[in-house]
Protein chains: 2
Amino acid sequence: MKRFRNGEIWGFEAQAPRGPADGVVLGVDGGTTSTVCVCLPAAGPLPDPLPILSRAVGGCSNHNSVGENAARETLEEVMAQALSKACYSRKAVRAVCLAVSGVNHPTDQQRILDWLRDIFPNSVKFYVENDSVAAMASGTMGKLHGCVLIAGTGTIAYGFTEDGKEARAAGAGPVLGDWGSGYGIAAQALTAVMRAHDGRGPQTKLTKSILDMLELPSPDELIGWTYADPSWARIAALVPIVVSTAEDGDEVANRILYDSVQELADSIIAVVRRLRLCGEDGKEAFPLVMVGGVLEANKRWDIGKEVVNYVSKIFPGFLPIRPKLEPAVGAALVAWNRSMRELKDAQEADSPRISVLQ
Amino acid sequence: MKRFRNGEIWGFEAQAPRGPADGVVLGVDGGTTSTVCVCLPAAGPLPDPLPILSRAVGGCSNHNSVGENAARETLEEVMAQALSKACYSRKAVRAVCLAVSGVNHPTDQQRILDWLRDIFPNSVKFYVENDSVAAMASGTMGKLHGCVLIAGTGTIAYGFTEDGKEARAAGAGPVLGDWGSGYGIAAQALTAVMRAHDGRGPQTKLTKSILDMLELPSPDELIGWTYADPSWARIAALVPIVVSTAEDGDEVANRILYDSVQELADSIIAVVRRLRLCGEDGKEAFPLVMVGGVLEANKRWDIGKEVVNYVSKIFPGFLPIRPKLEPAVGAALVAWNRSMRELKDAQEADSPRISVLQ
């Protein structure tokens, strides 16, 4: 366990108490736009409302977007801040669930696990997952069963069966065709402006609305603006203007949004079919947790509602859930559930021996 | 004029002669994959074959792809190398035509001009243009009239009228929808592999061919591979495997290539219409210069030939030209033409005065 980095990040621990006897758990939701860490007590039962001990916020922690070092720095900082705000040191931590966008492969998980082990005491349990796990758990009080659709800067659909099978669709980033994401919607809107300007596509009100918003004099300047900063979140921030232009009756903007609905619905359908979450007859009930800025209601154009309409024609039994808890709390509940399960397993492992002895 | 940078780039000049009395011109073709500089004598007539004094090659000089500092370094290095190989110093240079991919706006031109003035003597004439100028000129011995289609890592269509009007289409990079480019074709192929893997798209032989080529065990690893290196040229290098998979009868790969043909043809059509290069009746003759790896012939699938077939149905009078000279020589010919024109203008400005005196 390293004590300090630049003498700063963990410096507060010199004054922090060890924490409660039962300890705490940390849940981290690492996204392409922001990263949130919350701290919960490690032992139950958990009352309603949840006793959130602290909350910390940082920037992007998707290593595909900002690189591995910047991503790790953000993750370490939010965890340290959450503990510092709760006035506990790392010795109080029982379990950490790190649910991070861009974790797509066992090798990604392993690299983060190795790095976490260097930061925390040996006894801490780690759960390193894709950020879809945090989103799913935020709609199901930590239970991983059903399907989750995230549509923010990026998009991914993830599914979990009760017996531990998982499947995913999309979540491969902008180069690999996540066209339903906020980035995808905005990039298509920018493309439509360039095409109209070139004479390769229909005229669209997006030209005026996007140029006005960015305070640029002509579409030619969009090229420089686009490549001046490689952040995906910066492009995705144009989604509200695409939605309002569609609400204003623009055909091109409407086409882009309908295409995104189709893309997002296709991702859900692919995951549900692969895991047979809808049962053999296609009508069984399963939760569909929906999170992310793209799915939030606008005045008239509501992408999330359109996705629900589309999917309900195929799987009439699904239960759409818009979580009231934030994903980071979902991650903390995963850490809490697994920590409690291990505690219970350990107790059960002891019990038979005791009963034999009796 | 700076004498040295890191004591290296222009260090050779201490031994280099001043050069021929009439001087030399430099032509630079700056692309996203590579950058080429050639050196020609500044005064004519130019014999056939052209007396190319030297040639130097560097990496990417598109500032949108590698950033401004790296792009400038590459440009400065290829110019210094070309002069060093020809054994001349910068004092021999009469004119430089820098035709660089990513130069999309007067502010891009101005930044490069300011920087060039710091490198070369005051008397040198500069022409800073988009790389399409070099490509056009390579097919027309330096004359800027007609349309040029470039389809390499990126794509752009550019047109020039005899009275100096210009128009362009595409050339806005991968984020802004250059789907006919090498990058665009390859990104669509990678997307098709991910969709097939997710169950969101049809199965395709691209999966096996691309994974075999990249020596990756599964499509899941493609995400890490894609974002490990942001170079557009690295993605575009997959085009030959997409073409061979299409030749092997794969429907998905064929659809991607037909779409790219349509995209490339649409760019040409937009430019020709805006400049009325085809005349009022749409049948007038004009040159269409076609360059770039994407347009080169494959065994059976020839993207360039399909583009010609498509465009000829709309503009029966166009003359497709596959240049024998490389674009950098085209850039040098632009520098040579303009340098000769200024010389002629200067002589003509003197002549009337002389005739009045006679």
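Every number in this text was worked out from the coordinates using simple rules, so none of it is lab data. Bear in mind the structure is a predicted one, so any value in this text is a computation, not a measurement. Virtual Cβ from ideal backbone geometry, glycine too; neighbours counted across all protein chains shown.
With neighbour counts taken as other beta-carbon atoms within 10 Å, the residues B:Cys278, B:Cys60 rank, fewest first, as B:Cys278, B:Cys60. Among B:Leu319, B:Leu75, B:Leu211, the ranking by other beta carbons within 10 Å of each residue's beta carbon, starting with the fewest, stands as B:Leu319, B:Leu211, B:Leu75.
Once the Cα atoms are used to define both axes, helix B:106-119 deviates from the longest principal axis of chain B by about 50 degrees.
Rounded to the nearest 20, the Cβ-based charge dipole of the range A:174-321 about its Cα centre (Lys and Arg +1, Asp and Glu -1) stands at 360 debye. Global dimensions of the protein assembly as shown from alpha-carbon coordinates: Rg and Dmax equal 30.4, 133 Å.
Counting Cβ atoms of other protein chains within 10 Å of each Cβ in B:336-346 and taking the mean gives 0.
Note that the range B:253-265 has calculated 3J(HN,Hα) couplings of 5, 4, 4, 4, 5, 5, 4, 5, 4, 4, 4, 5, 5 Hz, one per residue in order, obtained from phi through the Karplus relation 6.51 cos²θ - 1.76 cosθ + 1.60 (θ = phi - 60°); glycine and proline are x. With neighbour counts taken as other beta-carbon atoms within 10 Å, the residues B:Met141, A:Met213 rank, fewest first, as A:Met213, B:Met141.
Under the simplified labelling scheme, the B:His105-B:Asn122 pair shows an inter-label distance of 3.2 nm, with each label point 7 Å from Cα along Cα→Cβ. For chain B, a Gaussian network of Cα nodes joined below 10 Å ranks B:Thr155, B:Thr191, B:Thr32 by mean-square fluctuation, and the top entry is B:Thr191. Using Cβ point charges alone (K and R +1, D and E -1), the dipole size of chain A about the Cα centre works out to roughly 880 debye. Working note: Karplus 6.51/-1.76/1.60 with θ = phi - 60° gives the range A:134-150 the couplings 5, 5, 4, 5, 5, x, 10, 6, x, 7, 9, 8, x, 10, 10, 10, 10 Hz, where Gly and Pro are set to x. For the peptides A:85-94, B:88-97, B:101-110, the ranking by mean Cβ contacts within 10 Å, running from highest to lowest, is B:88-97, A:85-94, B:101-110.
Can you list the lysines whose alpha carbon sits under 29 Å from that of A:Lys143, skipping same-chain ones fewer than 8 residues off? Result set, ordered by chain and number: A:Lys85, A:Lys91, A:Lys125, A:Lys165, A:Lys283, A:Lys305, A:Lys313, A:Lys324, A:Lys344.
Between 0 and 90 degrees, the angle of helix A:68-86 with respect to the longest Cα principal axis of chain A falls at about 60 degrees.
In percent, rounded to a whole number, the relative contact order of chain A is 20, using alpha-carbon pairs under 8 Å and six or more apart.
Other protein chain C-beta atoms within 10 Å of residue C-beta, averaged over A:192-202: 6. Summed over qualifying helices (DSSP H, 4 residues or more, each -39500 (n - 2.57)) and divided by its residue number, chain A shows a 222 nm mean residue ellipticity of -14500 deg cm²/dmol. Calculate how steeply helix B:327-357 sits against the longest principal axis of the alpha-carbon atoms of chain B, using the helix alpha-carbon long axis, and give the answer as 0 to 90 degrees to the nearest 10. Between the helix axis and the principal axis of chain B, the angle is about 30 degrees. Within 10 Å of the Cβ of each residue in A:169-181, the mean number of Cβ atoms contributed by other protein chains is 6. Each Lys and Arg Cβ is given +1 and each Asp and Glu Cβ -1; about its Cα centre, the range B:1-151 then shows a dipole of about 440 debye. Partners of B:Lys208 within straight-line reach, counting lysines whose Cα lies under 25 Å from its Cα and excluding those fewer than 8 residues away in the same chain: B:Lys299. Considered as an equivalent ellipsoid built on the Cα gyration tensor, chain B has semi-axes of 40, 26, 15 Å, the largest given first. Descending by average beta-carbon neighbour count within 10 Å, the peptides B:262-273, B:63-74 line up as B:262-273, B:63-74, the highest first.
Close amide H partners of A:Thr35, meaning residues 5 or more places away or on another chain with modelled amide H under 5 Å apart, are A:Gly58, A:Gly59.
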